[in-house]
Amino acid sequence: MLDIKNLHAAVEGNAILKGINLTVKPGEVHAIMGPNGSGKSSLASVLAGRESYEVTEGSVDFLGKDLLDMSPEVRAREGLFLAFQYPVEIPGVSNINFLKTAVNEIRAYHGQPPMQAKAFLDMLKSKQKLMEFDANLMNRSLNEGFSGGEKKRNDVFQMAMLEPKLAIMDETDSGLDIDALRIVSAGVNKLRSKDNAFIIITHYQRLLEYIVPDFVHVLYNGRIVKSGTKELALELEEKGYDWLKEDIRLEEPVQ
Amino acid sequence: MTTVTRNISFNEALPALVSAQFSANGWFDGREAALQQFLALGGIPTVKTEDWKYTNVVSFFKNDLQVTLPEVPEVTAAQLEATGLVLPDTFRLVLVNGVLQPHLSQLPPASQVTISKLSEAGSQPAVELYFNQSPRIGEHHFAQLNAALFNDGLFIEVKAKAQVELPIQIIHLYAAGQARLFNPRHLVVVNEGAALQIIESAAGLGLADKVVINSVMESVVAERAQFSQYQLQTGGNNLRIINQNLVEQKGKSVYNNYTFTLTESEFVRNNLNISLDEERTETHMYGFYIAAGGQLIDNHTSVDHRMPNCESNELYRGVLMDKSTGVFNGKIYVHEDAQKTNAFQQNNNLVISPDATIFTKPQLEIFADDVKCSHGCTIGQVSEDALFYLRARGIGEAEARNLLVKAFAFDITAKVNIPAVRKQVEQLASQYLNA
Ligand SMILES: Nc1ncnc2c1ncn2[C@@H]1O[C@H](COP(=O)(O)OP(=O)(O)O)[C@@H](O)[C@H]1O
Ligand SMILES: [Mg+2]
């Protein structure tokens, strides 16, 4: 589904991603962990198409197409979804209108007619139930005045509505209390299928107890320095990242 | 001598015009003094005049501009309907070239409101008390010009405690065969404890050439009275609008002004001056403008906090497109006695074309020490983060920009309390933003 090869990216001339390799197959859940500033959100941004990042080397294949060649909106329409670490507040754009526009633009891209009002509302209701999402938030402006947790949950709710093939969740767990974490995880688990995949960026093992990953990767200094199974997450929780940093320093080629 | 010709300047031609045409007209005996004050201020302001620095009107007052008393052509109900301005659920006053047309109007009950032509209101005590008396009126070139040249307008007086149930829509229609200067003049008095809402709309009727509308409205909001004024500047492309609104508020009164400039007119200049004469008043000023093409839209506002415990709150927003120019100047004077003043001002501009320009200037002068004042102005494009967020959900770039610009606009239109007005403004805003 997703094939990242030797991906390098820079912001304002500073190299941030320095050769990422990652393959994600349908049905898989990958977790990406790593210390602050290691490039996790940058990877998510590059995949979603944020224009401030310049890809300097490498390739990304998404469902047989060149992802890097697509605008952000086309990536979304092709089935990529990013749940933001910091969802944006947009006063004056109502949550519900925004969702309707998004759903219908994606449908138009696939040659489908706009959804009928009734069908849209039915879908809205069923996803609200699935994600246990507060219906009162729907009529408000997009994320305006939402608490940190409400914003995260709104992003995950959008994910449920848009039914992406690949969802990247950037620190969705930070800002969620334990109950919300459980609800969001349960929602994600219900969305999992053999046809879709998730990349979950997190600092904490806790989330991975609810959404059990097939693979865990450690991103450090713009590179994936270690990959393993869910046990790796436990090990990281126990020992922190310092032991890794030492290992890596030994592996760095002498300049 | 009825027009300003190519060889004589407007300022030079004016004294002869006034004495020939206007001096014997009506009950107002201040025309000569107004003319002298206009000339003392320098006549038509040039860009050397501080308040007209970015707004050059000199060319409007040349080339055979007619300044005579205007004729008033017959206007039919069908013509009125065709303007598209008529709002449902309102009382209605229709003026043609400044003169009230009773056959097109629907007046509120006389037990609540006195309405007459200003030309026939000379004996009203309120006219005696308030006409041409607004503080700062002497500073306004165009208000002085208006006092020298006006022929008619409206006198509206709401009786004490009367709660006028429906808004009064005032539709100003202008008809002329050639370039012409109109000077409509109005006085609104809302007496103690009364409540009034007015909605003003304007349009040209088959104008063959550009006309200048130099309008003055003075309003007095008496103790505990409430007055809301909506100005829907949506008229067609042959109007050049210079608009003076001078408001005096007495103790515990509330005044709301909404100025929406969504027009094809190439030029609009609004002067809104509010004087808070007594304690515990409340004032809200909302403005929204969209400028496109080569339009110039200029809003100058001032609030005089003269007494303690008054609150004023101002929010103006604009979208500048194409090669348009916007000007915002917001003055707040907190006089020495005006302790415990709360004064807030905000002007936000979205500049969505590299060729558009905005000049924005907050001007606070504070002479009391126990006050809360804040002001801010922003000039920007749509937020890149917001744009990316929408695009990352599959919404195309053009549509995403459109959503964000509308969001910026609708934040203000949401303050409108009259549904029909809000609908009209939002429709127009959408129409201009989609163009
Ligand atoms: N716009 C930017 N300009 C310059 N540096 C940036 C920018 N965005 C991110 N960075 C840098 O890129 C590195 C990786 O950041 P980020 O991807 O947010 O890390 P993480 O999500 O792993 O905490 C950091 O050193 C950060 O300072
Ligand atoms: Mg991050």
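Tell me which of these A:Pro91 doesn't satisfy, since it passes every other one: (1) in a strand (DSSP E or B); (2) more than 10 Å from every other protein chain (Cβ to nearest Cβ); (3) farther than 24 Å from A:His217 by Cα.
(2)
Do we find that A:Ala102 is within 26 Å of A:Lys127 (Cα to Cα), among the hydrophobic types (A, V, I, L, M, F, W, C) and within 14 Å of chain B (Cβ to nearest Cβ) in this structure?
Working: within 26 Å of A:Lys127 (Cα to Cα): yes; among the hydrophobic types (A, V, I, L, M, F, W, C): yes; within 14 Å of chain B (Cβ to nearest Cβ): yes.
Here the answer is yes, as A:Ala102 does meet what is asked.
Scan segment B:389-435 residue by residue and report those that are in a loop (DSSP other than H, G, I, E, B) and within 12 Å of B:Phe288 (Cα to Cα). Can you show your working first?
First, the residues of segment B:389-435 that are in a loop (DSSP other than H, G, I, E, B): B:392-396, B:414-418, B:435.
Hits for segment B:389-435 are B:Ala414, B:Lys415, B:Val416.
For segment A:8-69, which strands (runs of 3 or more DSSP E) that fit wholly inside it have 2 or more residues that are within 14 Å of ligand 2 (Cβ to nearest atom) and in contact with a strand residue (DSSP E or B) (Cβ under 7 Å, 6 or more places away or on another chain)? Show your work before the answer.
Details: elements: A:14-24, A:29-33, A:53-62.
Filter on segment A:8-69 gives A:14-24, A:29-33.
State which residue is farthest from the chain's Cα centre (by Cα) when the search covers only segment A:178-212 and only residues that are within 16 Å of ligand 1 (Cβ to nearest atom) and either over 21 Å from A:Ser41 (Cβ atoms) or surrounded by fewer than 19 Cβ atoms within 10 Å (Cβ to Cβ) (or both).
Let us first name the residues in segment A:178-212 that are within 16 Å of ligand 1 (Cβ to nearest atom), namely A:199-204, A:207.
Next, only the ones that are either over 21 Å from A:Ser41 (Cβ atoms) or surrounded by fewer than 19 Cβ atoms within 10 Å (Cβ to Cβ) (or both) stay: A:203-204.
Working: A:His203: 14, A:Tyr204: 15 Å.
Across segment A:178-212, the extreme among qualifying residues is A:Tyr204.
Among the residues of segment A:71-88, count how many are closer than 17 Å to A:Tyr53 by Cβ, more than 7 Å from chain B (Cβ to nearest Cβ) and among the acidic types (Asp, Glu).
Of the residues in segment A:71-88, 0 are closer than 17 Å to A:Tyr53 by Cβ, more than 7 Å from chain B (Cβ to nearest Cβ) and among the acidic types (Asp, Glu).
Of everything in segment A:4-59 that's within 17 Å of A:Ile168 (Cβ to Cβ), among the basic types (Lys, Arg) and within 13 Å of ligand 1 (Cβ to nearest atom), which residue is nearest to the other protein chains (Cβ to nearest Cβ)?
Of everything passing the filter in segment A:4-59, A:Arg50 is nearest to the other protein chains (Cβ to nearest Cβ).
Right, A:Ile96: at pLDDT below 95 and facing chain B (nearest Cβ under 8 Å) or not? Before you say what the answer is, go through the steps one by one.
On the way: at pLDDT below 95: yes; facing chain B (nearest Cβ under 8 Å): no.
Taking the combined requirement at face value, the residue does not satisfy it.
Can you name the condition, by its number, that B:Ile156 falls short on among (1) surrounded by 24 or more Cβ atoms within 10 Å (Cβ to Cβ); (2) over 27 Å from B:Lys252 (Cα atoms); (3) more than 16 Å from the chain's Cα centre (by Cα)?
(2)
Which pairs have Cβ atoms under 7 Å, sit 6 or more apart or on different chains, and link a residue in segment A:35-49 that is on the phi < 0 side of the Ramachandran plot to one that is near ligand 2 (Cβ under 10 Å from one of its atoms) and part of a loop (DSSP other than H, G, I, E, B)?
A:Lys40/A:Gly34; A:Ser41/A:Gln85
Any residue that is outside any loop (DSSP other than H, G, I, E, B) and surrounded by fewer than 21 Cβ atoms within 10 Å (Cβ to Cβ) - is there at least one of those in segment B:138-148? Before the answer, list the steps.
We begin by selecting, within segment B:138-148, every residue outside any loop (DSSP other than H, G, I, E, B); these are B:138-139, B:141-148.
Pick out the ones that are also surrounded by fewer than 21 Cβ atoms within 10 Å (Cβ to Cβ) and you get B:138-139.
Yes, segment B:138-148 contains a residue that is outside any loop (DSSP other than H, G, I, E, B) and surrounded by fewer than 21 Cβ atoms within 10 Å (Cβ to Cβ).
Is there any pair linking a residue in segment B:33-52 that is more than 21 Å from B:Asn329 (Cβ to Cβ) to one that is loosely packed, with under 13 Cβ neighbours inside 10 Å and of a type in the set (Val, Ile, Thr), with Cβ under 8 Å and at least six apart or on different chains, and which?
none
Could you pull out every one of the strands (runs of 3 or more DSSP E) wholly within segment B:183-236 that has 3 or more residues that are of a type in the set (S, T, N, Q) and surrounded by fewer than 23 Cβ atoms within 10 Å (Cβ to Cβ)?
Values: elements: B:185-190, B:195-204, B:211-221, B:226-233.
Because the criterion is at least 3 residues that are of a type in the set (S, T, N, Q) and surrounded by fewer than 23 Cβ atoms within 10 Å (Cβ to Cβ), the strands (runs of 3 or more DSSP E) in segment B:183-236 that meet it are B:226-233.
Can you name the residue in segment A:181-206 that is at pLDDT below 90 and under 16 Å from A:Gln85 (Cβ atoms) and is also nearest to ligand 2 (Cβ to nearest atom) among such residues?
This residue is A:His203.
In segment B:404-429, what residues are at pLDDT 90 or above, touching a helix residue (DSSP H, G or I) at 6+ places or on another chain (Cβ under 7 Å) and of a type outside the set (Val, Ile, Thr)?
Passing the criteria: B:Leu404, B:Arg422.
If you check every pair at least six apart or on different chains, which have Cβ atoms under 7 Å apart with a residue in segment A:167-182 that is under 20 Å from A:Val88 (Cβ atoms) and free of Cβ contacts under 8 Å to residues at least 60 places away in the same chain first and a residue that is within 16 Å of ligand 1 (Cβ to nearest atom) and of a type in the set (D, E, K, R) second?
Pairs found: A:Gly175/A:Lys152; A:Leu176/A:Lys152.
Let's see how each residue does on (1) of a type outside the set (Val, Ile, Thr); (2) at pLDDT below 95; (3) over 30 Å from B:Lys62 (Cβ atoms):
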residue	(1), (2), (3)
B:His140	yes, no, no
B:Gln144	yes, no, no
B:Asn151	yes, yes, no
B:Lys159	yes, no, yes
B:Gly177	yes, yes, no
B:Glu200	yes, no, no
B:Gly206	yes, yes, no
B:Val221	no, no, yes
B:Arg224	yes, no, yes
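What is the one condition in (1) among the charged types (D, E, K, R); (2) within 16 Å of ligand 2 (Cβ to nearest atom); (3) surrounded by fewer than 17 Cβ atoms within 10 Å (Cβ to Cβ) that A:Arg107 does not satisfy?
(2) is the only condition that A:Arg107 fails.
Only residues that are among the hydrophobic types (A, V, I, L, M, F, W, C), in contact (Cβ under 8 Å) with a residue 60 or more places away in the chain and within 13 Å of another protein chain (Cβ to nearest Cβ): list them for segment A:122-155, please. Break it down stepwise before answering.
Within segment A:122-155, the subset among the hydrophobic types (A, V, I, L, M, F, W, C) is A:123-124, A:130-131, A:133, A:135, A:137-138, A:142, A:146.
From what's left, in contact (Cβ under 8 Å) with a residue 60 or more places away in the chain: A:130.
None; the set is empty.
Among the residues of segment A:148-175, what is the count of those that are out of contact with any Leu (no Cβ under 9 Å at 6 or more places or on another chain) and modelled with pLDDT under 90?
2
The values are calculated or read from the model by the stated rules, or taken from the named source; none is laboratory data. Please read all numbers here as calculations on a predicted model, not as lab measurements. FYI the Cβ positions are ideal-geometry reconstructions off the backbone, even for glycines, and counts take in every protein chain you see.
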